[in-house]
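So the structure is just underneath, and the comments pick up after that.
The values are calculated or read from the model by the stated rules, or taken from the named source; none is laboratory data. Nothing here was measured: the structure is a model prediction, and the numbers come from that model. Here the Cβ is made from the backbone with ideal geometry for all residues, glycine too, and neighbour counts use every protein chain on show. Side chains included, ligands, DNA and RNA excluded: accessible areas come from the protein's heavy atoms. Shrake-Rupley method; radii C 1.70, N 1.55, O 1.52, S 1.80 Å.
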Amino acid sequence: MNPKAMIVALCALGALPGAADAATAFDLEGEAGYYDASRIITDGDLVLTITPEGADYLYFGGFGVGRLGASAVTASVYNPLQPDGFAPVRFTFDRAISSITFNFGDAGGDDDGAVTIAAYSAGGDLLGSVTETYGAGADQGGSLTLAFAGARYFVASTDAASNPHSLGWDIGAVQAAGAVPEPSAWALMVLGFGVIGALGRSRIRTAPLA
(Lines give C-alpha, C1' and ligand atoms only; values in the text may rest on other atoms or scores of the structure.)
Protein backbone atom coordinates (compact mmCIF):
# COMPACT_ATOMS: atom_id res chain seq x y z
CA MET A 1 0.00 0.00 0.00
CA ASN A 2 1.43 3.40 -0.96
CA PRO A 3 1.62 6.20 1.62
CA LYS A 4 -1.26 8.16 0.05
CA ALA A 5 -3.56 5.14 0.20
CA MET A 6 -2.54 4.58 3.83
CA ILE A 7 -3.45 8.17 4.73
CA VAL A 8 -6.89 7.66 3.17
CA ALA A 9 -7.29 4.43 5.18
CA LEU A 10 -6.42 6.20 8.43
CA CYS A 11 -8.92 8.95 7.67
CA ALA A 12 -11.54 6.24 7.30
CA LEU A 13 -10.47 4.78 10.64
CA GLY A 14 -11.00 8.18 12.20
CA ALA A 15 -14.65 7.96 11.19
CA LEU A 16 -15.22 4.71 13.09
CA PRO A 17 -17.62 4.89 16.07
CA GLY A 18 -15.82 6.35 19.04
CA ALA A 19 -16.75 7.89 22.35
CA ALA A 20 -19.27 10.36 20.96
CA ASP A 21 -22.41 10.62 23.09
CA ALA A 22 -25.95 10.63 21.69
CA ALA A 23 -28.21 13.40 23.00
CA THR A 24 -31.92 13.61 22.27
CA ALA A 25 -35.36 14.00 23.87
CA PHE A 26 -38.58 12.02 24.03
CA ASP A 27 -41.26 14.66 24.49
CA LEU A 28 -43.98 12.25 23.22
CA GLU A 29 -45.58 14.99 21.12
CA GLY A 30 -45.98 12.57 18.23
CA GLU A 31 -47.54 9.90 20.45
CA ALA A 32 -51.23 9.36 20.99
CA GLY A 33 -53.50 6.47 21.82
CA TYR A 34 -55.18 4.81 24.71
CA TYR A 35 -54.48 1.73 26.79
CA ASP A 36 -51.44 0.24 25.08
CA ALA A 37 -49.66 -2.52 27.01
CA SER A 38 -46.33 -0.99 25.92
CA ARG A 39 -44.95 1.53 23.47
CA ILE A 40 -41.60 1.48 21.63
CA ILE A 41 -40.29 4.86 20.42
CA THR A 42 -37.14 5.56 18.42
CA ASP A 43 -35.39 8.93 18.34
CA GLY A 44 -32.24 8.95 16.24
CA ASP A 45 -30.42 5.73 17.14
CA LEU A 46 -31.79 5.56 20.69
CA VAL A 47 -34.70 3.22 21.41
CA LEU A 48 -37.09 3.73 24.35
CA THR A 49 -39.64 1.19 25.57
CA ILE A 50 -42.38 2.47 27.91
CA THR A 51 -44.33 -0.02 30.04
CA PRO A 52 -46.67 0.09 33.05
CA GLU A 53 -45.07 -1.01 36.32
CA GLY A 54 -47.41 -3.48 37.96
CA ALA A 55 -50.33 -2.52 35.71
CA ASP A 56 -51.77 -3.29 32.29
CA TYR A 57 -52.28 -0.06 30.38
CA LEU A 58 -50.55 3.07 29.13
CA TYR A 59 -52.38 6.26 28.27
CA PHE A 60 -50.93 8.96 25.98
CA GLY A 61 -52.68 12.31 25.93
CA GLY A 62 -52.89 15.83 27.33
CA PHE A 63 -52.59 16.66 31.04
CA GLY A 64 -53.20 20.40 30.95
CA VAL A 65 -49.58 21.20 31.81
CA GLY A 66 -47.59 23.57 29.61
CA ARG A 67 -44.30 21.83 30.35
CA LEU A 68 -45.67 18.52 29.00
CA GLY A 69 -47.08 19.97 25.79
CA ALA A 70 -49.92 18.19 24.01
CA SER A 71 -49.00 14.62 24.98
CA ALA A 72 -47.48 12.73 27.90
CA VAL A 73 -47.84 9.24 29.35
CA THR A 74 -49.28 7.67 32.48
CA ALA A 75 -50.10 4.07 33.47
CA SER A 76 -53.30 2.55 34.79
CA VAL A 77 -54.64 -0.77 36.03
CA TYR A 78 -58.03 0.12 34.55
CA ASN A 79 -59.44 0.72 31.08
CA PRO A 80 -60.74 3.41 31.00
CA LEU A 81 -58.74 5.51 33.47
CA GLN A 82 -60.22 5.66 36.97
CA PRO A 83 -59.17 7.52 40.17
CA ASP A 84 -56.81 5.59 42.43
CA GLY A 85 -56.11 3.13 39.63
CA PHE A 86 -52.89 4.64 38.32
CA ALA A 87 -49.47 2.97 38.45
CA PRO A 88 -45.76 3.82 38.11
CA VAL A 89 -44.26 4.01 34.61
CA ARG A 90 -41.07 2.27 33.48
CA PHE A 91 -38.81 3.83 30.83
CA THR A 92 -36.28 1.35 29.40
CA PHE A 93 -33.49 2.19 26.95
CA ASP A 94 -31.53 -0.06 24.60
CA ARG A 95 -28.21 1.15 26.00
CA ALA A 96 -26.72 2.74 29.11
CA ILE A 97 -27.81 6.30 29.88
CA SER A 98 -25.49 8.86 31.47
CA SER A 99 -28.08 11.56 32.23
CA ILE A 100 -31.81 12.13 31.80
CA THR A 101 -34.40 14.81 32.62
CA PHE A 102 -38.04 13.89 33.22
CA ASN A 103 -40.92 16.36 33.04
CA PHE A 104 -44.09 15.64 35.00
CA GLY A 105 -47.36 17.10 36.22
CA ASP A 106 -51.10 17.43 35.86
CA ALA A 107 -53.56 20.26 36.21
CA GLY A 108 -55.70 18.60 38.87
CA GLY A 109 -53.68 19.64 41.93
CA ASP A 110 -54.41 16.30 43.60
CA ASP A 111 -50.89 14.91 43.54
CA ASP A 112 -49.42 16.91 46.41
CA GLY A 113 -46.89 14.28 47.42
CA ALA A 114 -43.38 13.11 46.66
CA VAL A 115 -42.44 12.45 43.04
CA THR A 116 -39.68 9.83 42.78
CA ILE A 117 -37.64 8.55 39.84
CA ALA A 118 -35.43 5.54 40.47
CA ALA A 119 -32.60 4.41 38.19
CA TYR A 120 -31.70 0.75 37.63
CA SER A 121 -28.96 -1.17 35.87
CA ALA A 122 -29.72 -3.64 33.07
CA GLY A 123 -29.62 -6.40 35.70
CA GLY A 124 -32.21 -4.68 37.90
CA ASP A 125 -29.85 -3.26 40.54
CA LEU A 126 -31.04 0.02 42.06
CA LEU A 127 -28.43 2.69 41.27
CA GLY A 128 -30.16 5.54 43.10
CA SER A 129 -33.16 7.83 42.97
CA VAL A 130 -34.21 11.48 43.11
CA THR A 131 -37.32 12.89 44.78
CA GLU A 132 -39.15 16.21 44.63
CA THR A 133 -42.39 17.35 46.27
CA TYR A 134 -45.18 18.16 43.86
CA GLY A 135 -47.30 20.65 45.71
CA ALA A 136 -51.07 21.02 45.58
CA GLY A 137 -52.11 23.25 42.70
CA ALA A 138 -48.74 22.94 40.94
CA ASP A 139 -50.39 23.12 37.54
CA GLN A 140 -47.21 24.03 35.66
CA GLY A 141 -45.52 20.74 36.47
CA GLY A 142 -41.92 20.07 37.41
CA SER A 143 -38.79 18.28 36.30
CA LEU A 144 -36.10 16.02 37.74
CA THR A 145 -32.65 15.23 36.36
CA LEU A 146 -30.72 12.03 37.09
CA ALA A 147 -27.11 11.11 36.33
CA PHE A 148 -26.23 7.53 37.29
CA ALA A 149 -23.52 5.65 35.39
CA GLY A 150 -24.81 2.54 33.66
CA ALA A 151 -28.54 3.22 34.12
CA ARG A 152 -30.71 1.29 31.65
CA TYR A 153 -34.22 1.88 32.96
CA PHE A 154 -36.10 4.29 35.20
CA VAL A 155 -39.31 3.94 37.23
CA ALA A 156 -41.37 7.09 37.84
CA SER A 157 -43.89 7.18 40.67
CA THR A 158 -45.61 9.35 43.31
CA ASP A 159 -46.82 8.63 46.84
CA ALA A 160 -49.69 11.12 46.99
CA ALA A 161 -52.38 10.30 49.55
CA SER A 162 -55.06 10.81 46.91
CA ASN A 163 -54.81 9.39 43.40
CA PRO A 164 -51.08 8.43 43.43
CA HIS A 165 -49.12 7.95 40.18
CA SER A 166 -51.64 9.95 38.14
CA LEU A 167 -49.10 12.48 36.84
CA GLY A 168 -48.20 12.63 33.16
CA TRP A 169 -44.57 12.06 32.16
CA ASP A 170 -42.27 12.86 29.29
CA ILE A 171 -38.50 13.10 28.80
CA GLY A 172 -37.06 16.55 28.19
CA ALA A 173 -33.49 15.41 27.55
CA VAL A 174 -31.53 12.17 27.58
CA GLN A 175 -27.89 11.40 26.89
CA ALA A 176 -26.58 7.94 26.14
CA ALA A 177 -23.28 6.85 27.65
CA GLY A 178 -20.31 7.10 25.28
CA ALA A 179 -19.91 4.22 22.85
CA VAL A 180 -16.74 2.12 23.05
CA PRO A 181 -15.12 1.08 19.76
CA GLU A 182 -15.54 -2.59 18.88
CA PRO A 183 -12.49 -4.87 19.31
CA SER A 184 -12.32 -5.25 15.52
CA ALA A 185 -12.03 -1.45 15.19
CA TRP A 186 -9.14 -1.34 17.67
CA ALA A 187 -7.41 -4.19 15.81
CA LEU A 188 -7.77 -2.37 12.50
CA MET A 189 -6.30 0.82 13.94
CA VAL A 190 -3.35 -1.04 15.44
CA LEU A 191 -2.76 -2.79 12.11
CA GLY A 192 -2.85 0.54 10.28
CA PHE A 193 -0.26 2.13 12.55
CA GLY A 194 1.90 -0.98 12.24
CA VAL A 195 1.89 -0.75 8.45
CA ILE A 196 2.82 2.94 8.59
CA GLY A 197 5.74 2.08 10.90
CA ALA A 198 6.91 -0.64 8.51
CA LEU A 199 6.74 1.76 5.55
CA GLY A 200 8.80 4.31 7.46
CA ARG A 201 11.51 1.76 8.32
CA SER A 202 11.62 0.55 4.71
CA ARG A 203 12.21 4.07 3.41
CA ILE A 204 15.08 4.56 5.88
CA ARG A 205 16.80 1.30 4.85
CA THR A 206 16.59 2.10 1.12
CA ALA A 207 17.86 5.69 1.36
CA PRO A 208 21.17 6.14 -0.64
CA LEU A 209 24.39 6.48 1.35
CA ALA A 210 26.12 9.88 1.29
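Of note:
Yes/no matrix, rows are residues, columns are (1) among the small types (Gly, Ala, Ser); (2) surrounded by fewer than 17 Cβ atoms within 10 Å (Cβ to Cβ); (3) without any contact (Cβ under 8 Å) to a residue 60 or more places away in the chain; (4) at positive phi:
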{"site": "87", "(1), (2), (3), (4)": "yes, no, no, no"}
{"site": "96", "(1), (2), (3), (4)": "yes, yes, no, no"}
{"site": "105", "(1), (2), (3), (4)": "yes, no, no, yes"}
{"site": "116", "(1), (2), (3), (4)": "no, yes, yes, no"}
{"site": "126", "(1), (2), (3), (4)": "no, yes, yes, no"}
{"site": "133", "(1), (2), (3), (4)": "no, yes, yes, no"}
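- Among residues of the stretch 64-85, those that are open to solvent by 30 Å² or more (accessible area, probe 1.4 Å) and in a loop (DSSP other than H, G, I, E, B), counted: 11
- Of everything in the stretch 153-167 that is modelled with pLDDT under 95 and under 19 Å from residue 65 (Cβ atoms), the residue that is most open to solvent (accessible area, probe 1.4 Å) is 162.
- Some residue of the stretch 96-105 being within 30 Å of residue 40 (Cβ to Cβ), modelled with pLDDT of 85 or more and part of a loop (DSSP other than H, G, I, E, B): no
- Residue in the stretch 140-152 that is modelled with the lowest pLDDT, counting only those that are outside any loop (DSSP other than H, G, I, E, B) and open to solvent by less than 30 Å² (accessible area, probe 1.4 Å): 142
- Residues that are charged (D, E, K, R) and under 14 Å from the mean Cα position of the chain (by Cα) were ranked within the stretch 55-104; the one that is nearest to residue 171 (Cα to Cα) is 90.
- Positions within the stretch 153-177 being outside any loop (DSSP other than H, G, I, E, B) and at positive phi, in sequence order: none
- Number of the condition not met by residue 185 [criteria: (1) open to solvent by less than 30 Å² (accessible area, probe 1.4 Å); (2) at pLDDT 90 or above; (3) more than 25 Å from residue 71 (Cα to Cα); (4) of a type outside the set (S, T, N, Q)]: (2)
- Selection count, the stretch 29-63, where residues are outside any strand (DSSP E or B), in contact with an Asp or Glu (Cβ under 7 Å, 6 or more places away or on another chain) and buried (at least 17 other Cβ atoms within 10 Å of the Cβ): 1
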